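Each remark here refers to the structure printed beneath this line.
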Amino acid sequence: MFNPFKPERAIIKDIIKETTDTTTYTFSFLDEGVRREFRFRPGQFNMLTIFGIGEAPISISSNPAEPETFQHTVRHVGNVTKFLSKMQPGDIVGIRGPYGTGWPLDVLPIKNLLIIAGGIGLAPLRPVIHEVIDRRPEFGQVEVLYGARTPAELLYPAEYEAWRQAGISLLLTVDAVPSGTAWEGQVGVVTDLFRQMSSRPGETAVFTCGPEIMMSYVVKGLLARGFKPEQIYVSLERRMNCGVKKCGKCQIGPKFVCRDGPVFAYAELLTLPEEVLGGAVR
Ligand SMILES: Cc1cc2nc3c(=O)[nH]c(=O)nc-3n(C[C@H](O)[C@H](O)[C@H](O)COP(=O)(O)OP(=O)(O)OC[C@H]3O[C@@H](n4cnc5c(N)ncnc54)[C@H](O)[C@@H]3O)c2cc1C
Ligand code: FES
């Protein structure tokens with residue numbers, strides 16, 4: 001009988017160390033049929049199992065046009081992710097998914113796109129950037145504002161040139177520059193980049209992901225600049241067990257982050273009884 005909780009076996013094909021505590025893994029399903037049928041949308045996540053250890057929800061961080069080998073960018077913070085940090089290419093993990101709604105790239109008539117990410121929050125937005133580059137003529141102005149704690153903690157720096165070549169405006173900032181580090185860019189929080197950005201509310205969708213405190217300031221700043229709650233999409237993190245709306249662990253009022261999210265329009269969050277993003281704006 002089909003068991004939706006049984007993970008498929010996937011092999012680690014490649015490992016890229018991004019920062020001191022974050023790594024990008026390339027996976028491929030062992031079963032050829034599963035490998036061929038696997039598809040995902042930007043913003044969706046998988047439940048990643050380390051057999052005998054546990055399971056964690058992790059966003060897919062690679063190009064949806066190349067689903068046969070997909071990537072997860074993982075920050076090593078607890079049981080599953082720290083165990084993963086000891087694994088090598090050729091080791092086997094379990095994957096079930098993809099789950100969740102994803103960013104509404106195909107749902108909305110999006111002309112201009114403003115992407116705002118903090119730290120590892122860039123991981124679920126990187127598939128959006130890949131897709132935008134693949135479908136570039138369909139979009140107008142595309143701008144990315146990205147902040148990390150230090151220059152060494154910026155994710156995917158080797159790709160920035162290709163993003164800019166594709167006509168994406170990329171503004172970077174870091175919270176601090178450790179002595180001895182070369183950095184000529186902006187120092188400050190991601191919302192400081194609002195002063196330099198050229199995005200304006202008209203016909204622009206905003207996708208943001210990062211720590212909730214960051215997203216709360218992002219939302220406040222955008223609303224103050226005339227963006228509407230319906231234009232702003234945030235990706236939420238909640239602790240999860242099942243990933244498929246069965247256990248209630250990720251529930252916020254009537255919504256389940258695993259199935260109804262993790263991406264929500266900010267306008268939708270305003271209808272929930274529980275305060276999200278620290279009750280950024282009511
Ligand atoms: C939709 C979604 C997408 C995500 N995408 C990514 C991603 O792309 N990359 C990534 O690195 N992470 C991602 N995460 C976060 C990741 O799932 C968590 O960090 C997860 O807890 C890691 O599992 P772990 O077993 O390694 O850590 P855990 O052992 O679960 O510990 C993680 C942290 O939570 C604390 N903690 C443990 N138990 C509890 C508890 N009951 N209540 C509160 N805190 C607790 C621990 O002290 C530790 O600091 C995502 C989460 C969601 C919901
Ligand atoms: S994780 Fe079980 S309902 Fe969402």
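Kindly establish whether residue 27 is assigned to a loop (DSSP other than H, G, I, E, B), in contact (Cβ under 8 Å) with a residue 60 or more places away in the chain, within 11 Å of residue 70 (Cα to Cα) and within 22 Å of the chain's Cα centre (by Cα). It is false that residue 27 is assigned to a loop (DSSP other than H, G, I, E, B), in contact (Cβ under 8 Å) with a residue 60 or more places away in the chain, within 11 Å of residue 70 (Cα to Cα) and within 22 Å of the chain's Cα centre (by Cα). With respect to the conditions (1) assigned to a loop (DSSP other than H, G, I, E, B); (2) in contact (Cβ under 8 Å) with a residue 60 or more places away in the chain; (3) more than 29 Å from residue 166 (Cβ to Cβ), residue 86 lacks only one, and its number is (2). All conditions in (1) part of a strand (DSSP E or B); (2) under 15 Å from residue 12 (Cα atoms); (3) in contact with a helix residue (DSSP H, G or I) (Cβ under 8 Å, 6 or more places away or on another chain) hold for residue 68, with the sole exception of (1). For the stretch 248-282, residues that are modelled with pLDDT of 90 or more and either under 14 Å from residue 212 (Cβ atoms) or in contact with a helix residue (DSSP H, G or I) (Cβ under 9 Å, 6 or more places away or on another chain) (or both) total 18. For the subset of the stretch 209-266 comprising residues that are of a type in the set (S, T, N, Q) and closer than 30 Å to residue 193 by Cα, which member is nearest to ligand 2 (Cβ to nearest atom)? Only one residue tops the list, namely 235. In this structure, is residue 242 outside any loop (DSSP other than H, G, I, E, B), more than 21 Å from residue 110 (Cα to Cα) and either near ligand 1 (Cβ under 9 Å from one of its atoms) or modelled with pLDDT under 95 (or both)? Taking the combined requirement at face value, the residue does not satisfy it. Inside the stretch 134-151, residues that are surrounded by 15 or more Cβ atoms within 10 Å (Cβ to Cβ) and either aliphatic (A, V, I, L, M) or out of contact with any Asp or Glu (no Cβ under 8 Å at 6 or more places or on another chain) (or both) make up a count of 9. Are any of the residues in the stretch 56-69 closer than 30 Å to residue 265 by Cβ, surrounded by fewer than 14 Cβ atoms within 10 Å (Cβ to Cβ) and modelled with pLDDT under 95? There is no residue in the stretch 56-69 that is closer than 30 Å to residue 265 by Cβ, surrounded by fewer than 14 Cβ atoms within 10 Å (Cβ to Cβ) and modelled with pLDDT under 95. Scanning the stretch 264-273 for residues that are touching a residue at least 24 places away in the same chain (Cβ under 8 Å) and of a type outside the set (A, V, I, L, M, F, W, C) yields a single hit, 266. Whether a residue is loosely packed, with under 13 Cβ neighbours inside 10 Å, more than 16 Å from ligand 1 (Cβ to nearest atom), in a loop (DSSP other than H, G, I, E, B) and not hydrophobic (A, V, I, L, M, F, W, C) was assessed, and residue 178 passes this test.
Please specify each residue of the stretch 140-159 satisfying the condition of being over 24 Å from residue 179 (Cα atoms) and either among the hydroxyl-bearing types (Ser, Thr, Tyr) or assigned to a helix (DSSP H, G or I) (or both). The one that is over 24 Å from residue 179 (Cα atoms) and either among the hydroxyl-bearing types (Ser, Thr, Tyr) or assigned to a helix (DSSP H, G or I) (or both): 159. Of all residues in the stretch 245-263, those satisfying the criterion of being assigned to a strand (DSSP E or B) and without any contact (Cβ under 8 Å) to a residue 60 or more places away in the chain are 251, 252, 255, 256. Of the residues 218, 257, 263, the single one that is under 24 Å from residue 203 (Cα atoms) and either within 13 Å of ligand 1 (Cβ to nearest atom) or surrounded by fewer than 20 Cβ atoms within 10 Å (Cβ to Cβ) (or both) is 263.
Among the criteria (1) surrounded by 22 or more Cβ atoms within 10 Å (Cβ to Cβ); (2) more than 22 Å from residue 131 (Cα to Cα), the one residue 232 does not fulfil is (2). Screening residue 49 on (1) within 16 Å of ligand 1 (Cβ to nearest atom); (2) part of a helix (DSSP H, G or I); (3) more than 17 Å from the chain's Cα centre (by Cα) shows it passes everything except condition (2).
The values are calculated or read from the model by the stated rules, or taken from the named source; none is laboratory data. Note that the structure is a prediction, hence the values are computed from the model and not measured. With ideal geometry, Cβ positions are generated from the backbone for all residues, glycine too; neighbour counts draw on all protein chains shown.
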